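The structure appears right after this line, and notes come after that.
Any read-out appearing in this document is the output of simple, stated calculations on the displayed coordinates, not a laboratory observation. Small disclaimer: the values here were computed from a predicted structure and weren't measured. Every residue, glycine as well, gets a Cβ built from its backbone with ideal geometry; the counts of neighbours run over all protein chains shown.
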Amino acid sequence: MNELLLVTAGQVILSAQDAVVPGGGVLVTPEGTVGEVGPAAEMGARFPHAARLDFPTSTVLPGLINAHVHLAFDASTDPVAALRRGDPDGLRATIATHARELLDAGVTTLRDLGDRDGLVAELRDDITSSATVGPRILSSLAPLTSVGGHCWFLGGEVGDDAAIRAMVARHAERGADLIKVMAGGGRMTPSAAPVWESQFTRGQLEVVVAAAREVGLRVAAHAHGADTMAICTQAGVDTIEHASWLSGPTVEPRCYDPRDDVAELIANAGISVCPTRARNWRNWPPSAGLEDHLARLAWMAGHGITVIAGTDAGVGAGLFDDLVDLLGLYEAAGWSRPEVLAMATTVAAAALGCADRIGRLRPGFAADLLVVAGDPLADLRALREVRCVLTGGRPHYPSPVGQIR
Ligand SMILES: [Zn+2]
């Protein structure tokens, strides 16, 4: 891209918190950033030579952020087997396809929390250098885990403090954007601790956080158990993934332990939580406990916990185009539509440490734009009607609707 581009629309949502500009325009600089925002007519007059993308009946808003995905997992019934079988080239293709599916669905930034052999980071670098088109990727590389622990097969096993420090340093050298730690057990790994139990002590998690801070990285902690969430909070992680509040087996009757004291700790520490359980929630059987799940989400909000949007796509039949489904769950739990939009834009950007460059349309920010038919502030399902997605000012069309003239 080597010229100015003016994107105009029926309305422009500058951010989930800012005012909406009816008949608005966003000027995109040759560097791929937002130059100016304002009324389309006025900007058209001031920049008559800018290339134009006009969407008179659509809404332009900041591109969405999916804070928890696994590009390398195939969302099959046994993603682990598929991943372990996969040759590097096959895995590269899987990762690229999933990234494209997310982009098609309006996601301009994703955080990948389970890389193998640095292949996700490889795609990230190809996208950054414009060798290929895709969303911005924040990659944790292989998650740190205990020996034989949850997702050990990704290559992140650490047996003691020295191994933790060495792994974090190596990840930083290899270009990790953050550190992910499997603080608790997981369902996908039979050799790991049960899902509600911790794999690391509070002391070990403190070593993870200290080592990450030393190289300027944030820490995302996988934690389903209430106890695990408590020690993650005390250790000072930045985000808690899943946050299921489990205290025992997940077969019926499920053992939940939503602890007010831990919720207060999380809120006071400013830790963002990324609950991922949502896929196809409208069709859950009664035994899945939708009402209880909604009540726990609302309870977290009531405690002032910041919640961000992440789907765990790639795992447990979680597909790569279902962020809007998750957002609908949050609306059902009681958040307003602007608040829900913020969970996938401004609030997520802040939780990921990128609030100064993505999540809103403001001069100097990345020109990551989503164009959808309809008004997502009136009905979140409008976010499914993607007309065009721009990352760093580069237009991408899931279907051939818009045109540069
Ligand atoms: Zn995950």
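What to note about this one:
- Distance between modelled label sites at Arg213 and Ala378, nm, 7 Å Cα→Cβ extension: 4.9
- On full extension, the segment bounded by Glu291 and Ala169 gains 39.6 nm, given 0.36 nm per residue less the C-alpha separation.
- Of Asn268, His49, Cys255, farthest towards positive along the dipole that unit charges on Lys, Arg, Asp, Glu beta carbons give the chain: His49
- Percent of Cα pairs exceeding the 16 Å cut-off, where the set is the range 1-72: 50
- Sorted by Cβ neighbour density within 10 Å, fewest at the top, the residues His222, His70, His293, His396: His396, His293, His70, His222
- In degrees, nearest ten, helix 226-235 long axis to first principal axis of the chain (Cα): 70
- Taking the longest Cα principal axis of the chain as reference, the axis of helix 88-104 is set at about 50 degrees.
- A compact globular protein would have a Cα radius of gyration near 2.2 N^0.38 Å; the ratio found for the range 262-353 is 1.05.
- Modelled this way, with points 7 Å down the Cα-to-C-beta line, the labels at Gln234 and Glu339 are 3.0 nm from one another.
- Here Glu3 and Ala355 are evaluated by their C-beta separation; at R0 = 22 Å the FRET efficiency comes out at 0.15.
- Added length on full extension, which subtracts the Cα-Cα distance from 0.36 nm per residue, Leu319 to Gln17: 105.9 nm
- Over the chain, DSSP H runs of length four or greater, each weighted -39,500 (n - 2.57), average out per residue to a 222 nm ellipticity of -9000 deg cm²/dmol.
- Relative to the longest principal axis of the Cα atoms of the chain, the long axis of helix 260-269 makes an angle of roughly 50 degrees.
- Cut-off under 5 Å, modelled amide H: who pairs with Val307 long-range: Val273
- Kirkwood analysis of the Cα pair distances in the chain returns a hydrodynamic radius of 21.4 Å.
- Among Glu157, Glu31, Glu339, residue whose mean-square fluctuation peaks in a GNM of the chain (springs only between Cα atoms under 10 Å): Glu31
- Calculated P(r) tail over 19 Å for the range 40-173, as whole % of Cα pairs: 59
- Net length gained if the chain between Asp161 and Ala298 were fully extended (0.36 nm per residue, minus Cα distance): 45.6 nm
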